[in-house]
1. Are any residues in the stretch 76-102 open to solvent by 70 Å² or more (accessible area, probe 1.4 Å), farther than 12 Å from N12 by Cβ and modelled with pLDDT of 90 or more, and if so, which ones?
2. Of all the helices (runs of 4 or more DSSP H) wholly in the stretch 171-286, which have at least 3 residues that are buried (at least 17 other Cβ atoms within 10 Å of the Cβ) and among the aliphatic types (A, V, I, L, M)?
3. Select, from L117, L46, L73, the only residue that is in contact with a helix residue (DSSP H, G or I) (Cβ under 9 Å, 6 or more places away or on another chain) and without any contact (Cβ under 8 Å) to a residue 40 or more places away in the chain.
4. Of all residues in the stretch 339-349, count the ones that are open to solvent by less than 80 Å² (accessible area, probe 1.4 Å) and under 31 Å from the mean Cα position of the chain (by Cα).
5. Can E83 be described as without any contact (Cβ under 8 Å) to a residue 24 or more places away in the chain and acidic (D, E)?
6. From the list F231, F246, which one is more than 14 Å from F294 (Cβ to Cβ), of a type in the set (F, W, Y) and under 20 Å from the mean Cα position of the chain (by Cα)?
7. Just to check your reading of the model, which residue among L117, L49, L32 is of a type in the set (A, V, I, L, M, F, W, C) and open to solvent by less than 20 Å² (accessible area, probe 1.4 Å)?
Amino acid sequence: MGRKKLSMEIINPNAAGIDVGSRSHYVAVGQLPGDVKEFGVYAEELSALGVWLKSKEVTTVAMESTGDYWQNLFSELVKQGLEVVLVNGKFTKNAKGKKTDVKDCRWIQQLHTLGLLSGSFLPDETTEKLRTYCRQRGNWVDQAASTTHKMQKFLKFLNFRLDVVVKDVCGLTGLAIIGDICKGNLDPEKLAKHRHYNCRKSEEEIAKALHGNNREDFLFGLKQEYETYLFLQKKIEECDKQMEKFINAELKKYPGKRALKTTEKPYKRINKNAPKIKNLNQIAYQYFEGVDLFTIEGLSHATVVSIMSEIGPEGFKKFESAKHFTSWLRLAPNNKISGGKILSHRIPKGSNRLKIAFRQAANSIGNLKDTHLSNFFKRVAYRKGRTAAVSATARKLAVIVWNMMVKKVPYLPPTEYLF
């Protein structure tokens, strides 16, 4: 019998594939040896890459999201008017034979020509800029948390059991005492005078916990960590100011948004690590064009800022349904079926910052009493445990937010949203 050929429909006839690297980029506009060319990573060479693609009549380009190396090339190609599809690397790793850069770029070009690659989600430019500020702030917060743990370690070495008598070592009472210790005051009675009136322990009990060994090496380490903590708090404050400035500048471009007003929500507690943006309740309402996310119980200031910076008001519209949105967040079950049986329905591994924000909000919802979402959380927790309840509530929360943002419906707890 003769060999049969299976023809596949060409979806993108003028397609190119790029294997992104740290030192050079390999570009393929076809499957012949002369259709592959290597370019450097300097701005001049990136511009030349775009010009060469246009000379080959290429209209659409696919590239892997390799580290951070793709970003400058992506911006340059978009600026030159090319359609760029950013692809997750796990969808392009099935090339046959030994792995080389030339084979990789040809394989990407072949898949893109046949329309077998789907692009990753990318936010708009405004959201991307806000995301940069928020992620930088998050890095400073993580470093501040690490510094806090080191201060606690040195306090224990000094036998200053401040962690026993105050709830938060870096709260008002704790920081005042640590600051005085770093200035050289080691008298327990005088240090206990820094007790804030909201502190549950008395001055006498705080003084008992501050009889230390006063070792110079530990005092030196504590002082350095305390100064580092103050420096990091200053950097966090600068990020907060820059975020507030950027958001207000964006709102000024749309006077219609500025006219929107919502009700005050004094019951929403502000965590000390939450962004210090003045009147975030009103700003978020205006930024999301009249969608009041703060009406959802358990949704904190930090969660709303994460939504603003990670996906933005326009990003929700890129998902056809709430199912697509929860699948992108990896909060939907990943059914694996073989032989007509479901082998597994676990939630896929991996997470982004928005998924983490939804899960943290879901965990706090589990601590609330007698609300629509907390009752749902407890029903799931009773049957499957708290871990499953966090995932299920985070998914339900994502569905509610998608419906509010896309369909412009208010949050009505008894209402059943379409899943």
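1. Once the filter is applied, which keeps residues that are open to solvent by 70 Å² or more (accessible area, probe 1.4 Å), farther than 12 Å from N12 by Cβ and modelled with pLDDT of 90 or more, the stretch 76-102 yields V78, K79.
2. Passing ranges, in order: 172-182, 216-252.
3. None of the other options fit; the residue is L46.
4. Here the count works out to 3.
5. The answer is no for E83.
6. Of F231, F246, the one residue that is more than 14 Å from F294 (Cβ to Cβ), of a type in the set (F, W, Y) and under 20 Å from the mean Cα position of the chain (by Cα) is F246.
7. Just a single option satisfies the conditions, and that option is L49.
Yes/no per residue for (1) among the aromatic types (F, W, Y); (2) surrounded by 12 or more Cβ atoms within 10 Å (Cβ to Cβ); (3) touching a Leu at 6+ places or on another chain (Cβ under 6 Å); (4) within 25 Å of R131 (Cβ to Cβ):
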residue: K318; (1), (2), (3), (4): no, yes, no, yes
residue: I337; (1), (2), (3), (4): no, no, no, no
residue: L354; (1), (2), (3), (4): no, yes, no, yes
residue: Q360; (1), (2), (3), (4): no, yes, no, yes
residue: N367; (1), (2), (3), (4): no, no, no, no
residue: F376; (1), (2), (3), (4): yes, yes, no, no
residue: V390; (1), (2), (3), (4): no, yes, no, yes
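The values are calculated or read from the model by the stated rules, or taken from the named source; none is laboratory data. Since we're looking at a predicted model, the values are computed, not measured. Every residue, glycine as well, gets a Cβ built from its backbone with ideal geometry; the counts of neighbours run over all protein chains shown. All accessible areas refer to the heavy atoms of the entire protein, side chains included, with ligands and DNA or RNA removed. Shrake-Rupley method; radii C 1.70, N 1.55, O 1.52, S 1.80 Å.
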